[in-house]
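Here you go, one structure.
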Amino acid sequence: MIRPLALAAALLGLLALLALGGCAFNHGVTLNNPPPAAKTAFLKGRAFTVGKVTVAPDARPVHETVYHCLPDPMYAKMMKYNLELAFQRAGLTQGKGPAVPVSITITQRVFHSNLLIHSSNMEAMLSFGTFSILAHAQGVGSPLWENKGQRWTRQQRIIPALAAIIATGIKSIQQGQTFNSKLQSPLVGFYFGPGSHPKTHAFNLPYPMTVKEYEQITGKSAAQLAAICKARIAGK
């Protein structure tokens, strides 16, 4: 016999999935100032590379700072790692030269459990040439991709998702289209699709970032990362 609480939880999960329509992490993508294709036409066929990646000094989490317990440079390294992987796999580094650098500044970050109303989001300003685009990725809560790991891993899904979104936009420009021409696709930065549960984002980015990747990116062991997180939460 199914208990009422268990049944209610199951129904809630089902309703959440139906609301998403088997959709994607980029359900909440918003863009400011994407240039028209006519202005970026001269970049068609050009090669692109990841430039400088930084975190703005005021990119504070809105709340629950306990989940933002690593130093900003580590988050910048995570984003750069995922961007370089996405650019390479999307073929952005192949094209006419010299390569156009795309620099990223993380302007907002909110890391959560990614469950229902407690979803993660990130915002970044990307600059290339004379263009600047503000991209915001809003996570959509679902039990299928809840973050259950340690606090220092709560950005394991949102960072690759934003990297996939940025790479998709730049790929469109490389193809002579507008930055946002492909960002309505449910395959951009996705975690799952209708009747399936893929293990990658667009361009085969990690789903989610693994502890091994954290160690590779930061140069710290899992134990060291946990210790850094604990000390920062304690205000040390």
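When only residues in the range 129-150 that are at pLDDT 70 or above and among the small types (G, A, S) count, which is most open to solvent (accessible area, probe 1.4 Å)?
My answer is G129.
Being assigned to a helix (DSSP H, G or I) and within 15 Å of the chain's Cα centre (by Cα) is the filter here, so list the residues in the range 78-134 that pass it.
M78, M79, K80, Y81, N82, L83, E84, L85, A86, F87
Okay, next question. Looking only at residues that are of a type in the set (G, A, S) and farther than 22 Å from A202 by Cβ in the range 87-117, which one is most open to solvent (accessible area, probe 1.4 Å)?
Within the range 87-117, the match that is most open to solvent (accessible area, probe 1.4 Å) is G97.
Being modelled with pLDDT of 95 or more and either in a loop (DSSP other than H, G, I, E, B) or touching a Leu at 6+ places or on another chain (Cβ under 7 Å) (or both) narrows it down to one residue among K220, K182; which is it?
K220
Take the range 44-67 and flag every residue that is surrounded by 16 or more Cβ atoms within 10 Å (Cβ to Cβ) and in a helix (DSSP H, G or I).
Of everything in the range 44-67, just one residue is surrounded by 16 or more Cβ atoms within 10 Å (Cβ to Cβ) and in a helix (DSSP H, G or I), namely Y67.
Here is a yes/no grid of residues against (1) without any contact (Cβ under 8 Å) to a residue 24 or more places away in the chain; (2) more than 13 Å from G129 (Cα to Cα); (3) surrounded by fewer than 14 Cβ atoms within 10 Å (Cβ to Cβ); (4) touching a Ser or Thr at 6+ places or on another chain (Cβ under 8 Å):
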site: N33; (1), (2), (3), (4): no, yes, yes, yes
site: F42; (1), (2), (3), (4): yes, no, yes, no
site: C69; (1), (2), (3), (4): no, yes, no, no
site: M74; (1), (2), (3), (4): no, yes, no, yes
site: K77; (1), (2), (3), (4): no, yes, no, yes
site: L85; (1), (2), (3), (4): no, yes, no, no
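Here's a follow-up. Every residue in the range 49-86 that is more than 20 Å from Y207 (Cβ to Cβ) and of a type in the set (K, R), please.
Across the range 49-86, the qualifying residues are K52, R60.
Kindly establish whether V53 is modelled with pLDDT of 95 or more and more than 23 Å from A227 (Cα to Cα).
It is true that V53 is modelled with pLDDT of 95 or more and more than 23 Å from A227 (Cα to Cα).
The values are calculated or read from the model by the stated rules, or taken from the named source; none is laboratory data. In this text the structure is predicted, and so the values were computed from the model without any measurement. Glycine also receives a Cβ, built like all others from the backbone with ideal geometry; neighbour counts cover every protein chain displayed. Only protein heavy atoms, including side chains, enter the accessible area calculation; ligands, DNA and RNA are left aside. Shrake-Rupley method; radii C 1.70, N 1.55, O 1.52, S 1.80 Å.
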